[in-house]
Amino acid sequence: MRQFSAAARAQLTEPWEECVLYVYDDKQPKVHGRYPEWDGGPVRGTLTIGFGHTNSAGAPMIVQGMRITREQADQILSKDLAPCVARVNRMLTVEVTQHQFDAMVDTDFNCPTAAVACAKLINGGRSHDVPSKLLQFVYSRGEYMRGLVNRRNAEIAWFNHADGAVLPPAPDPDVVFSPKAERNPKVKTMASSKTGTAAVSTIAGTVAIAAQSANEALEPIKQAKGSLEELGLFEHLDILVHNPTVVICIALVLLAVFVWFDRRRKLEQV
């Protein structure tokens, strides 16, 4: 079974997780370079201690006021990394470089669902798609986290480094902020967009009103001449553009079309 390299642990996982010897909420930003100790109040993210240890990893269970030593933090990290290494070994069915393996273990430690998604790409011969896939996991508890973007980019850099090459630099400890991650929220589609639905309804309703008003405007001419076939296209248009209701309806349709396309553009950019 392939093992997680000491280099990746020392220069990737440990720096990004940081060693904090007391309990903290991993979504509470640092104050003067230090995470505030959890005081028992509401938790925004995940209660954490040591190198990213949480209760979901098992013992030791976190309680308020808990303290550990650096040596204990190292031991806990070794225990927490073991199942990650085993999972990545099980998931990968093709040969990978040591750097690729290490990056997947670090990803699994921070966001297991991201590691699963990337392993499927690697097994399918699509390793080149791993970077874009990793960047789909930069949210924590529904909130976009710039720190997770930075961590995903660090994993991408490690993944793309050839074995034997100069290792990527460890992150600056003053800018590290990397809570446990989750998949980005699904992009909302136009079918589920209230704005898009309202725009379509407006277009449909306005077109119906415009058609009815146009018929009413042309009806006197039809009664006088018995038919509208004698009128040319420009005569039809001249009559319609002088009808205030038709003009307003056309303006509303154009506005609704603009709103629909604008909303679609914004959803595509999420």
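The values are calculated or read from the model by the stated rules, or taken from the named source; none is laboratory data. It should be emphasised that the depicted structure is a prediction, and the values quoted were computed from it without experimental measurement. All Cβ positions, glycine included, derive from the backbone under ideal geometry; neighbour counts span all protein chains shown.
Of note:
- Whenever a residue of the stretch 132-155 is in the same structural domain as A103 (by TED's automatic domain parsing), its partners that are among the basic types (K, R) and at pLDDT 95 or above, lying with C-beta atoms within less than 8 angstrom and at least six residues away or across chains, give the pairs L134/R152; L135/R152; F137/R152; V138/R152.
- Test set (1) modelled with pLDDT under 95; (2) under 21 Å from T93 (Cβ atoms) - A165 fails condition number: (2)
- Taking the numbered list (1) part of a loop (DSSP other than H, G, I, E, B); (2) modelled with pLDDT under 70; (3) under 30 Å from V130 (Cβ atoms) in turn, E230 passes all entries but (3).
- Scanning the stretch 1-46 for residues that are crowded, with 18+ Cβ neighbours inside 10 Å and touching a strand residue (DSSP E or B) at 6+ places or on another chain (Cβ under 7 Å) gives V20, V23, Y24, D25, D26, K27, Y35, W38.
- Considering residues of the stretch 124-176 that are surrounded by fewer than 20 Cβ atoms within 10 Å (Cβ to Cβ) and among the aromatic types (F, W, Y) only, the residue nearest to A6 (Cα to Cα): Y139
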